[in-house]
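Just below is one structure, and these are the notes that go with it.
Each reported figure results from applying straightforward, stated rules to the coordinates on display, with no laboratory input. Model, not experiment: these values are computed from the prediction. All Cβ positions, even for glycine, are placed from backbone atoms using ideal geometry, and neighbour counts span all protein chains on display.
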Amino acid sequence: MPLRVARRLPVFTVHRATVLNDALSPTARLLYVVLLASPCGDLQDEQLERLSGMQRGRLATYVAELEAYGLVSIEPGEDGEPEIQVHEEPDA
């Protein structure tokens with residue numbers, strides 16, 4: 001699933017409450033930081049899984065967890081394929 005970050009900055013910030021949120025699994029929190037830190041949107045699923053320390057094939061589980069908290073959303077890309085859109089702060 002391609003990655004798209006809503007806004008590109010040379011530096012990124014992470015919402016402190018998100019990283020410390022016990023309701024999110026540690027893997028989901030790490031995945032969120034990896035997604036925010038990605039300088040380009042071309043990380044493949046396998047790369048995201050490896051960088052986040054998760055078992056192969058589990059990416060959708062953690063993306064769904066982040067989506068439930070408003071940290072990411074799945075949007076159709078220009079080619080019609082789903083993309084992960086990362087939000088700097090949880091949706092209010």
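Listing for the model above:
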{"quantity": "Difference of contour (0.36 nm per residue) and Cα-Cα distance, Ile74 to Ala60", "calculated": "4.0 nm"}
{"quantity": "Spin-label proximity, Ser25 to region 58-87 - amide N less than 15 Å from point 7 Å beyond Cα toward beta carbon", "calculated": "58-69"}
{"quantity": "Order of Ile84, Ile74 - criterion: other Cβ atoms within 10 Å of each residue's Cβ, fewest first", "calculated": "Ile74, Ile84"}
{"quantity": "Using a Förster distance of 25 Å, the FRET efficiency for Glu88-Leu51 (Cβ separation, nearest 0.05)", "calculated": "0.85"}
{"quantity": "Per-residue ³J(HN,Hα) for region 23-31, Karplus 6.51 cos²θ - 1.76 cosθ + 1.60, θ = phi - 60°, Hz, x for Gly and Pro", "calculated": "6, 8, 5, x, 5, 5, 5, 5, 4"}
{"quantity": "At most 15 other Cβ within 10 Å, DSSP loop - trypsin sites (Lys or Arg not before Pro), region 45-91", "calculated": "Arg56, Arg58"}
{"quantity": "Those GluC sites (Glu not before Pro) in region 40-92 that DSSP places in a loop and that have at most 12 other beta carbons within 10 Å", "calculated": "Glu78"}
